[in-house]
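The values are calculated or read from the model by the stated rules, or taken from the named source; none is laboratory data. Given the structure is predicted, the values throughout are model-derived calculations rather than measurements. Note that each Cβ is placed from the backbone with ideal geometry, even for glycine, and that neighbours are counted across all protein chains shown.
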Amino acid sequence: MGEEEVAELIKLESLIEEVDISESKDQLIWDLEPFGKFSSRSLHRLMSNPGEVDIRMKNMWEVKLQLKIRIFFSLDVMA
(Lines give C-alpha, C1' and ligand atoms only; values in the text may rest on other atoms or scores of the structure.)
Protein backbone atom coordinates (compact mmCIF):
# COMPACT_ATOMS: atom_id res chain seq x y z
CA MET A 1 0.00 0.00 0.00
CA GLY A 2 1.44 3.37 -1.04
CA GLU A 3 1.50 6.64 0.90
CA GLU A 4 -1.55 7.98 -0.92
CA GLU A 5 -3.61 4.90 -0.07
CA VAL A 6 -2.51 5.05 3.58
CA ALA A 7 -3.54 8.72 3.76
CA GLU A 8 -6.94 7.89 2.25
CA LEU A 9 -7.38 5.02 4.72
CA ILE A 10 -6.58 7.27 7.67
CA LYS A 11 -9.03 9.88 6.39
CA LEU A 12 -11.72 7.22 5.92
CA GLU A 13 -11.15 5.85 9.43
CA SER A 14 -11.51 9.33 10.93
CA LEU A 15 -14.76 9.88 9.01
CA ILE A 16 -16.13 6.52 10.18
CA GLU A 17 -15.35 7.39 13.80
CA GLU A 18 -17.60 10.46 13.49
CA VAL A 19 -20.64 8.38 12.51
CA ASP A 20 -23.13 8.01 15.34
CA ILE A 21 -24.99 4.71 15.09
CA SER A 22 -28.13 4.31 17.14
CA GLU A 23 -30.76 1.62 17.53
CA SER A 24 -33.59 3.95 16.53
CA LYS A 25 -35.32 3.48 13.19
CA ASP A 26 -34.21 5.76 10.34
CA GLN A 27 -36.72 8.37 9.28
CA LEU A 28 -36.85 10.52 6.16
CA ILE A 29 -37.74 14.13 6.92
CA TRP A 30 -38.68 16.62 4.20
CA ASP A 31 -37.31 19.94 5.46
CA LEU A 32 -39.50 22.01 3.15
CA GLU A 33 -42.69 21.17 5.02
CA PRO A 34 -43.48 21.84 8.69
CA PHE A 35 -44.44 18.22 9.45
CA GLY A 36 -41.56 16.69 7.47
CA LYS A 37 -43.78 15.03 4.84
CA PHE A 38 -42.93 15.33 1.14
CA SER A 39 -45.23 17.37 -1.07
CA SER A 40 -44.87 18.09 -4.76
CA ARG A 41 -46.09 21.62 -4.00
CA SER A 42 -43.13 22.37 -1.74
CA LEU A 43 -40.73 20.86 -4.26
CA HIS A 44 -42.23 22.93 -7.06
CA ARG A 45 -42.02 26.04 -4.86
CA LEU A 46 -38.34 25.35 -4.22
CA MET A 47 -37.60 24.77 -7.89
CA SER A 48 -39.48 27.83 -9.15
CA ASN A 49 -38.07 30.31 -6.64
CA PRO A 50 -35.15 31.87 -8.57
CA GLY A 51 -33.28 32.59 -5.35
CA GLU A 52 -33.18 28.94 -4.33
CA VAL A 53 -33.16 26.90 -7.52
CA ASP A 54 -30.97 23.84 -7.30
CA ILE A 55 -29.76 23.18 -10.85
CA ARG A 56 -29.49 19.45 -10.11
CA MET A 57 -33.18 19.38 -9.21
CA LYS A 58 -34.22 21.43 -12.24
CA ASN A 59 -32.32 19.08 -14.55
CA MET A 60 -33.85 16.06 -12.81
CA TRP A 61 -37.39 17.19 -13.62
CA GLU A 62 -36.49 17.73 -17.28
CA VAL A 63 -35.39 14.09 -17.71
CA LYS A 64 -38.00 11.89 -19.38
CA LEU A 65 -38.66 9.37 -16.62
CA GLN A 66 -41.79 8.22 -14.84
CA LEU A 67 -42.87 10.72 -12.18
CA LYS A 68 -42.39 8.29 -9.28
CA ILE A 69 -38.81 7.59 -10.43
CA ARG A 70 -38.03 11.32 -10.71
CA ILE A 71 -39.42 11.89 -7.20
CA PHE A 72 -37.33 9.02 -5.84
CA PHE A 73 -34.16 10.40 -7.42
CA SER A 74 -34.94 13.94 -6.29
CA LEU A 75 -35.16 12.74 -2.69
CA ASP A 76 -31.75 11.15 -3.07
CA VAL A 77 -30.29 14.35 -4.54
CA MET A 78 -31.69 16.47 -1.71
CA ALA A 79 -30.17 14.28 0.93
Restricting to the range 1-26, name every residue that is of a type in the set (Gly, Ala, Ser) and over 28 Å from residue 72 (Cα atoms). 2, 7, 14
Do we find that residue 73 is modelled with pLDDT of 85 or more and aromatic (Phe, Trp, Tyr) in this structure? no
For the structure I just gave you, tell me whether residue 19 is under 18 Å from the mean Cα position of the chain (by Cα) and more than 22 Å from residue 71 (Cβ to Cβ). yes
Please give the number of the condition residue 53 fails out of (1) surrounded by 10 or more Cβ atoms within 10 Å (Cβ to Cβ); (2) assigned to a helix (DSSP H, G or I); (3) at pLDDT below 80. (2)
Need pairs with beta-carbon distance below 9 Å; first residue more than 16 Å from residue 72 (Cβ to Cβ) and within the range 27-45, second of a type in the set (Val, Ile, Thr); sequence gap 6+ or separate chains. 36/29
Just one of the numbered conditions (1) modelled with pLDDT under 85; (2) within 18 Å of the chain's Cα centre (by Cα); (3) part of a loop (DSSP other than H, G, I, E, B) is not true of residue 47; which one? (3)
